[in-house]
Protein chains: 2
Amino acid sequence: MKHTLKDVAEKAGVSLTTVSRVINKRGYFSKATEARIFAAMKELNYYPNSVARSLSGKKTKLIGVILTNTHNPFNAELLEKIETELFNREYKTIIANSLDNPQKERSYISLLQSNQVDGLITASHNTIINDYHQLTLPVVSFDRYFGSHIPTVSSDNFLGGQTAAKVLLEGGARRLLLFSGEISDTNPTSDRMNGFMDICLKRKIVPEIQGVPSDATSNFRKMLIHQAITQHHPDGIMCTDDATALLVMRELKQLNLRIPSDVQVVGYDGSDFILQTFPELSTIVQPLDDLAKTMVNLLLNKIDQPDVLQERQYIFPITFHRGTTTKFIDTE
Amino acid sequence: MKHTLKDVAEKAGVSLTTVSRVINKRGYFSKATEARIFAAMKELNYYPNSVARSLSGKKTKLIGVILTNTHNPFNAELLEKIETELFNREYKTIIANSLDNPQKERSYISLLQSNQVDGLITASHNTIINDYHQLTLPVVSFDRYFGSHIPTVSSDNFLGGQTAAKVLLEGGARRLLLFSGEISDTNPTSDRMNGFMDICLKRKIVPEIQGVPSDATSNFRKMLIHQAITQHHPDGIMCTDDATALLVMRELKQLNLRIPSDVQVVGYDGSDFILQTFPELSTIVQPLDDLAKTMVNLLLNKIDQPDVLQERQYIFPITFHRGTTTKFIDTE
DNA sequence: TTTTTTGTGACGTACGCTTGACATAAAAAA
DNA sequence: TTTTTTATGTCAAGCGTACGTCACAAAAAA
């Protein structure tokens, strides 16, 4: 049923080596035999066994992509772009959702190593840095610091946080509330918070901060949001991701608070999906294309030329999408 | 740098065979040597090379999942659930987005075969049925008919279409408009349209139908939607997916048409994301969990027991999520 | 004590393909 | 004509693991 090189060789009436030469475009062979071999391959519906190929010293052309989840539109789009880019470079993508479960992520790291993936892209947010340090294979991370030998790609989170704060303040907000997905130091995402705080402090404003764990149930998150809003009565809210911003907007509506007149809202991420279906949401837009392409480029470069040193950080500028959830007061 | 069975054997002071026995839990070995071997594995940071394993044995424990894209929330969640389920069964997921490009999908099929995936789950919508027929490996499809040896898993699209039509009619709509992602016969998704038409014809209503190609640019799709609405002046709209429904709602707002008083809208899919962030959208909800689990179960069963015959179709009931984009007139 | 079960080793083959070394012959270039 | 290039073949080693066959002890059961 399944055919091998040998079958093709026999069918085409040539030697095994010749077939291998043709397939790998190595050494000399004539157009004529090449045609005969291709014909035989087609006739037998032969396709090379890349498992065997990988075993005899070659690459697997497999890349592991570790995300927290796929259901967040930003992650979904990031994955799609990474996959597309990898496909164009003839690599295949193994997807690994950590679901914020360190155990699962750890298992996946082992699995992926076992499978001899050529490299790893990780955009997960778990506290298992050490596991990554153990790795000898090329890794590129998104929005997370791992250490010197693992380059980090991210958008300018600090500037993003600053921008969000400025927008809210310029719109007249004074009682600020920040919903942050997670609060940890090793994480560039926390720079969103830092940037936000930076502007606040300069304006002598002390914002409230509420963590909203992304792995919690949606009801629990809603409850946290509800409580924070009713307790602090903010007139300006930043969310460190758009999904949370949508929940916040929903909650505000239920509380009969009007956006932006009573409360302004700024999100973060700016995935295409959100921009198209929620253009009214003001949000900090990450350059998804650049991020995905850069990660793939960095990773494949590292794979092809392991010795070339790379920068530690690649920070891309963000843009602000002005929707109608913030006020725009032209001060000039 | 990279260690093999042999290194572990030497480190543990046992034979290669014994290590293999322990790793595969085959034949006899004592607790003591097992411990020594595990210790050696840990010390060397050894992990079995599953490429070699696959070559020697048979299975790769890899499953290819072919989708049209990842950015649609429904697809994203389906993928996440499939991946989670596969992981629980110790399988890995290679993701392949066709992006509605037959060429790309074809390439991927070859690629995945080359990589000796143990099976395929396909939820893409391209016209390359023949390529799938060539395949000898187990395949399960979502929402698409391929033929007798490939089981199809889907929600009850016909009933879904019927339900949508009924809801709109019960809400008082008479000028119906249907936005369909794609119009083709071989596709169970077209049953959504058929179910819709079925009810319409019974009520002697002739709805307008407008295709909205999912691979078109978002602006083009908006334009189509805009034209169809201004041309037909519908008071009830069904969309065969929620993403389109959101675009439609947006367009209606811009046209200053009120929902549901001027126009009612029903969507289809009911992904968690939409249900949480757009609960106001009335939509037909597919049982994502059941669908994902069934597909994985069917596929893995087929892999484990190739000879057991399977049903051709697995159709799951849908539910209706009543939001505020439809009117509810209690007729009793 | 004898038999059976358990624990370990040695060795070899197989998986499908890559790659290198070496040989040979024809075609093309010098 | 001689040399070089092109086109193929044969042979063999190797990638890391699985697994079967033999063989030999030691421990446990009869």
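The values are calculated or read from the model by the stated rules, or taken from the named source; none is laboratory data. None of these values were measured; they are calculated from a predicted model. In this analysis, Cβ positions are derived from the backbone assuming ideal geometry, glycine residues included, and neighbour counts consider all displayed protein chains. Areas reflect the complete protein model, heavy atoms only, side chains present, ligands, DNA and RNA absent. Shrake-Rupley method; radii C 1.70, N 1.55, O 1.52, S 1.80 Å.
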> Out of A:SER20, A:LEU177, A:PRO287, whose Cα points farthest toward the positive end of the dipole of chain A (charges: +1 Lys, Arg; -1 Asp, Glu; placed on Cβ)?
Replying inline: A:SER20
>> Distance cut-off 32 Å, Cα to Cα: go down the list B:LYS2/B:LYS58; B:LYS11/B:LYS81; A:LYS302/B:LYS104 and report the pairs above it.
In response: B:LYS11/B:LYS81
> To the nearest 20 debye, what is the magnitude of the charge dipole of the protein assembly as shown about its Cα centre, counting +1 on the Cβ of each Lys and Arg and -1 on the Cβ of each Asp and Glu?
Replying inline: 1860 debye
>> Suppose the Debye formula is applied to equal point scatterers at every Cα of region A:1-100; what is log10 I(q)/I(0) at q = 0.12 Å⁻¹?
In response: -0.57
> Based on the alpha-carbon gyration tensor of region A:5-48, what equivalent-ellipsoid semi-axes (square roots of 5 times the eigenvalues) come out, in whole Å, largest first?
Replying inline: 15, 10, 9
> In whole Å, what are the Cα extents of region A:157-287 along the three principal axes, biggest one first?
Replying inline: 33, 27, 27
> By the gyration tensor of its Cα atoms, with a ≥ b ≥ c the square roots of the eigenvalues, what is the shape of the protein assembly as shown: rounded for a/c under 1.5, prolate for a/b over b/c, or oblate?
Replying inline: oblate
>> Residue by residue through B:45-58, how many Cβ atoms from other chains fall within 10 Å of the Cβ on average?
In response: 5
> Once the piece of chain linking A:ASP307 and A:THR319 is laid out straight, how much longer is it, given 0.36 nm per residue of separation minus the C-alpha distance between them?
Replying inline: 0.9 nm
> When the helices in the protein assembly as shown are scored as -39500 (n - 2.57) per DSSP H run of 4 or longer and the sum is shared across all residues, what 222 nm value do you end up with, to the nearest 500 deg cm²/dmol?
Replying inline: -14000 deg cm²/dmol
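Looking only at Cα atoms, what is the convex hull volume of chain B per residue, in Å³?
Spread over its residues, the Cα hull of chain B gives 178 Å³ apiece.
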> Where the centre of each part is set by its Cα atoms, how far does region B:169-199 sit from region B:276-332, in angstrom?
Replying inline: 18 Å
> Where the Cα atoms of region B:67-218 are projected onto their three principal axes, how long is each span, largest first, in whole Å?
Replying inline: 54, 34, 31
>> More than 15 angstrom separation, counting every C-alpha pair in region B:190-241; what % is that?
In response: 53 percent
> Can you pull the mean other chain C-beta count within 10 Å for peptide A:68-79?
Replying inline: 6
>> Multiplying the sequence separation of A:GLU208 and A:SER20 by 0.36 nm and subtracting their Cα-Cα distance, what value in nm do you get?
In response: 61.1 nm
> At A:LYS6, with labels set 7 Å past Cα in the Cβ direction, how many nm apart are the copies from this one, shortest first?
Replying inline: 2.4
> Between region B:55-120 and region A:1-54, what's the alpha-carbon centroid distance in Å?
Replying inline: 27 Å
>> Can you return the lysines within cross-link range of A:LYS166? Criterion is Cα-Cα under 20 Å, with same-chain partners fewer than 8 residues away left out.
In response: A:LYS202, A:LYS204, A:LYS327
>> Could you order the peptides A:100-106, B:250-256, B:240-246 from most to least packed, using the average number of other C-beta atoms within 10 Å per residue?
In response: B:240-246, A:100-106, B:250-256
>> At 1.4 Å probe size, with the rest of the protein present, what percent of the exposed accessible area of the protein assembly as shown is carbon and sulfur atoms?
In response: 51 percent
